[in-house]
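The values are calculated or read from the model by the stated rules, or taken from the named source; none is laboratory data. Every value quoted in this text rests on a predicted model; they were computed, and no experiment measured them. As a convention, Cβ positions derive from the backbone with ideal geometry for all residues, glycine included, and neighbour counts pool all protein chains shown. The protein model used for the area step is the full one, side chains on, heavy atoms only, and it has no ligands, DNA or RNA in it. Shrake-Rupley method; radii C 1.70, N 1.55, O 1.52, S 1.80 Å.
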Amino acid sequence: MNAKSKDDALEVEGLRVEDRSGRAVLHDISFSQSRGDRLGVVGESGAGKTTLALSLLGHFRPGLRHVAGSIRVVGREVLASSSRGLRDYRRTVVSYLGQDPAAALTPSLRVGDQVAELMLGKYDAESVRARLEAVGLPGAAHFAQRYPHEVSGGQLQRVAIARALAPNPAVLVLDEPTASMDIVTRRSITREIERQADILGITLVLISHDLKTVAQATNRILVLRNGRIVEQGDIAETLSRPSHPYTSELVTAFDHARRVTGETSRPSNGTPALAIRGLTAGYGRRGRATRVVDGVDIDVHHGECVALIGTSGAGKTTIANCLLGLHEPDSGSVAVEGVNLAAHVRDRPIHVRRSIQFVPQDPQGSLNPRRRVGDTLCHALRSMRGLNRSEANVEAQALIGRVRLSQSLLSRFPRELSGGERQRVAIARALAAEPRVLVCDEVTSALDVGAESSVLDLIDELRRERGMAVLLIAHDLRVVRRIADRAVVLHDGGICDHGTVSKVFDAPEHEFTRSILKADLPVSEILCGRLKTGA
């Protein structure tokens, strides 16, 4: 552990957390942070990152218990506090934002009110506007009046960050704060988090599987594996000269993405598995209507993976909702294997619903918190394929294995899973329908590089063996480079660039495409810049 100092805002010493079986989820965790320090915590899914984050709030998920060790935050013994003391501590000293931004927000409360309710002391519309603008959101009154379901996933995440910053906490704990953001917005928000931490003197703990975000936003790093700290220290020095093999693997994985398959050239004269023609869609009514997607044409052939790229609010999720019948377009059509789909899901028969399935970027919000994983899969199998209870149980076991998860997870609730595990359960549920088209919205956003590799291998296997077409909505260009055959870039509601991945990335035609490629710096270049500037 680092030498203690009177300036330490956060001290963790000998922390041990166990599950019901006595297995250590966190083992002898010790570190300290001075006021204003920015610590990045990285590690694979299940390494204990979120357990550590929640322990800083004095909270442990069901099934886990604190066995040993202490946590001291700005003079408070967190784990020895009373219930009343913890409530005051969480209100005034520490702020936390988890992996699921939707869970941090009240669906019936307007965006501006979400931020205002956590601001201590007096506030007005101007102070709320400033908070929203500080994280890159529109300060206009009409945006503050929207409800959470009326903003994009990336905007939702930024609202949640603004809310977490509202009480000016001494310690800010962020768990995957930029997971649902495009690369340009991610860079902007990362800089803004860093700037706000400096201005307010906040001690930051940033949990992330994204090494690029950690390299940009923090000055220290802690690497977790199997519940233990395997390495910690200065961010630039540690990642430039890692001493542990696992840290070296992380740096290599982020700078050298292995391609799953070579790019393929799909025939353009056959009937595509998915055909989108002239799709135009928006939100609002009468004079307040906003057009988000304007005249989009996309084909995805059997066995092909097409990546849909664009900044937050570009219309990617709106297109996905139109495909699924959750948002009625103003004009245009969607066809699967030559058959036009009804605009609304309620007008689609069950065999049509089976043909196109969805994996959301928010797996926790899409899984019933009161239903065990096995029951969730069985429900999908029985409703979509008409299996009886016994058949569904057998198939559920096969599905959970297919997405590289242990069958023991079938008896767990979503809250007992890591973010990466929940994402793979969501994939298994989509596969239960045996779809011809799979729409993946940031399917790897919650996964570490190891789990990401497994999921991408799985998707590649499915599209090759079953001829399944995949429309991949992605912010992470590493994922696009690794698995997609073609890329479609959205900007201002339309397509600005399209073609094979190598064509779009190596010879982009539009300035917007060039801007997102320029923002996609490898970890080595980020570290080089920090070493030069001494940041």
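Compactness of region 388-473 was expressed as the Cα radius of gyration divided by 2.2 N^0.38 Å, which yields 1.07.
Where a ≥ b ≥ c are the square roots of the eigenvalues of the C-alpha gyration tensor, would you call region 23-165 rounded, which needs a/c under 1.5, or, failing that, prolate if a/b is larger than b/c, or oblate? Present the calculation step by step, with values, prior to reporting the outcome.
Numbers: a/c = 2.22, a/b = 1.79, b/c = 1.24.
Prolate, since a/c reaches 1.5 and a/b exceeds b/c.
Charges at C-beta only: +1 for Lys and Arg, -1 for Asp and Glu. How large is the resulting dipole of the chain about its Cα centre, in Debye rounded to 20? Kindly include the intermediate steps, with their values, before the conclusion.
Values: 71 positive and 63 negative charges, 260 e Å.
That gives a dipole near 1240 debye.
Shown here is the pair-distance distribution of region 19-76: with all Cα-Cα distances grouped in 10 Å bins from zero up to the longest one, the shares run 18, 55, 24, 3 percent. Taking a sphere under 10 Å around the Cβ of D28 and counting the other residues whose Cβ falls inside, with K and R at +1 and D and E at -1, yields a net charge of +1.
Around S355, what is the net charge, scoring Lys/Arg as +1 and Asp/Glu as -1 over all other residues with Cβ under 14 Å from its Cβ? Don't skip to the end; give the middle numbers.
Working: positive: R348, R353, R354, R385, R436, R466; negative: E337, E434.
Around S355, the charge tally is +4.
When the chain is described by a simple charge dipole with +1 on each Lys and Arg Cβ and -1 on each Asp and Glu Cβ, the residue from G494, G233, G121 located farthest towards its positive end is G121. The Cα atoms of region 372-438 give a gyration tensor whose axes a ≥ b ≥ c have a/c of 1.5 or more with a/b no greater than b/c, which makes the shape oblate. Given H placed 1.01 Å from N in the peptide plane, which residues other than close sequence neighbours of S34 have an amide H under 5 Å from its amide H? Placed amide hydrogens put A9 under 5 Å from S34.
Could you calculate the FRET efficiency of R402 with E337 from 1/(1 + (r/R0)^6), where r is the beta carbon distance between them and R0 is 22 Å, rounded to 0.05?
Details: r = 24 Å, r/R0 = 1.07.
Plugging the Cβ-Cβ distance into 1/(1 + (r/R0)^6) gives 0.40.
Calculate, in whole percent, how much of the Cα-Cα pair population of region 444-535 lies beyond 21 Å. Of the Cα pairs, 45 percent sit more than 21 Å apart. Global dimensions of region 158-251 from alpha-carbon coordinates: Rg and Dmax equal 13.7, 40 Å.
All other residues whose Cβ lies under 14 angstrom from that of A426 are scored, Lys and Arg at +1 and Asp and Glu at -1, for a net of +1. Between the alpha-carbon centres of region 169-197 and region 18-80 there is a gap of 21 Å. Sequence-ordered 3J(HN,Hα) estimates for region 109-125 from the Karplus curve with 6.51, -1.76 and 1.60 and θ = phi - 60° stand at 10, 5, 3, x, 5, 4, 6, 5, 5, 9, 6, 7, x, 7, 8, 9, 4 Hz, glycine and proline given as x. Given the options G270, A335, A484, identify the residue whose Cα lies farthest towards the positive end of the charge dipole of the chain (+1 on Cβ of Lys, Arg; -1 on Cβ of Asp, Glu). The Cα lying farthest towards the positive end belongs to A335. Across the chain, the relative contact order, built from alpha-carbon pairs under 8 Å that are at least six residues apart, equals 16 percent.
Where nothing but the Cβ of Lys and Arg (+1) and of Asp and Glu (-1) is charged, how large is the charge dipole of region 269-381 around its Cα centre, in debye to the nearest 20? The partial results should precede the final answer.
Details: 13 positive and 10 negative charges, 116 e Å.
Result for region 269-381 is approximately 560 debye, rounded to the nearest 20.
Report note on the peptides 204-216, 48-60: ranked by the mean count of other C-beta atoms within 10 Å, highest first, their order is 204-216, 48-60. About its Cα centre, the dipole of region 375-429 is roughly 120 debye, where the only charges are +1 on Lys and Arg Cβ and -1 on Asp and Glu Cβ.
Taking amide H as placed 1.01 Å from N in the peptide plane, L222 has its amide H under 5 Å from the amide H of G40, V41, V42, each at least 5 places away in sequence or on another chain. Helical content of the chain, expressed as a calculated mean residue ellipticity at 222 nm, amounts to -11000 deg cm²/dmol (DSSP H runs of 4 or more residues, -39,500 (n - 2.57) each, divided by residue number, nearest 500).
For region 91-200, the relative contact order is 40 percent, taking Cα pairs closer than 8 Å that sit 6 or more residues apart in sequence and dividing their mean separation by the residue count.
Packing order of peptides 423-436, 221-234, highest average first: 423-436, 221-234 (average count of other Cβ atoms within 10 Å over each peptide's residues). Taking amide H atoms as placed 1.01 Å from N in the peptide plane, the amide H of G499 lies under 5 Å from those of A487, each 5 or more residues away in sequence or on another chain.
Could you work out the relative contact order of region 30-156, using alpha carbon pairs under 8 angstrom and six or more residues apart, expressed as a whole percent?
Numbers: 74 pairs, mean separation 22.5, N = 127.
About 18 percent, as a whole number.
Using a probe of 1.4 angstrom and keeping all protein chains present, the accessible surface of the chain works out to 42 square angstrom per residue.
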